[in-house]
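To keep things clear, I will list the structure first and then write my remarks on it.
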């Protein structure tokens, strides 16, 4: 809401007002009225800046002292600037949300003798479409502080925001829309990560607490989102048969849509039923007891749902093919006023083969590095072919870079490799398409984000994977094209001294660029393009020894000083 107000006021500040009416006087004839187009075309100046960026300095940390490489520090003199190697903060700006603002730039002239600082005050234009030209409502630039729950407003906040967090049944999830739009009835979709799993009536419910510990049945289960929740539900023995959320039918009576907005249904089958007694002992029932409904016996209510575990099986095309539910049933007494329920959901892809390992646990020399990607909120996703997870450019016989696209070779642990090709540049080649082509040539079509620290690192253990750090070395020029990719893998020996295991601790990918100068018509130029991999052992020298030096524990007999004591 705050951003909308700011945008509306920003637009109103740029909208030209009506042309002023002419005022006649006896001294001069009346001037013709200004047209709307002339008023719009008239140059307008922006509002005066609130902050003077020339006086801002974010790297000025020491009081009354010159900070090293801080070119905007007012405490630094010309003698101090001559000792700087670079400017730690090259540009200082004000509010980045404004369409146009002043920016202070700092650099060093190393060719001067002695080197001196260069300061410029420039006008910086914001390329964003939704920038603010002028605003007279400062509160619109930030969100309001949320209303904190208190004992007086708690019920009101639950009524306003309790169900909105789990949006019960949006119109976009209505499966009857296909009947209204026959043209879209045959259009097939697929489940994507986080999309609510649709059922015949609404969506697959996974009860969870809202703002308190009480259960809310309006929480949809997201596709590929593993969840585990616990919440409290109010029950009573007299009405246990009327409470839907404690009955097995509430969780299996609706079929799941195989894909969104389709007529293909997947029934939820009962995988197992475990009965829990009042003292906590659990018993697994056989398969003949497929369904048990709440039953009142004297002062007990049995077959109450205490826990549900969903297991969804899907294909690589995002289609659900199987759905199963495991239940934990229990009993409540007349004194019980509430029960705690637990719910969880997991997903398994069908017909998936385990990715081959490259060591157990440490890497084996000659086996490929294991690498992959991490979508938001999930584990590592790998290519099933371990030789296609992390690759570099493969040299060809003709050495033509443009003809060598697609030829890749896997990076093998412990093997330093160098490959390359020759790029023939003509005057007709453009900078941007050539840069993208060379990046795809050096990095491949799917350069991974993470590398497994061990040869047997599991995909679900994200902390056991090392992120690839990307670096770029280039010159300050108009057109820069990449010419080399250097991958450095740092590893160490891990474990016992007798049988150390290879463990990767750091992976760095460095892209080096060069300046592409415009060639005269008819001229050509050939430059080498290389890619390399180097493995660096950073293990500290191992020395045998004890974790703690042994100590002598001397105990004298109790009558050692007899008969003196």
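The numbers here are math on the coordinates, done by the rules we state, and not lab data. These numbers were taken from a predicted model, which means no experiment stands behind them. Cβ sites come from the backbone with ideal geometry, for glycine too, and all protein chains shown count toward neighbours.
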For the stretch 235-332, radius of gyration divided by Kirkwood radius, i.e. Rg to Rh on alpha-carbons
1.06
Given the peptides 410-419, 521-530, arrange them by the average over their residues of other C-beta atoms within 10 Å, most packed first.
410-419, 521-530
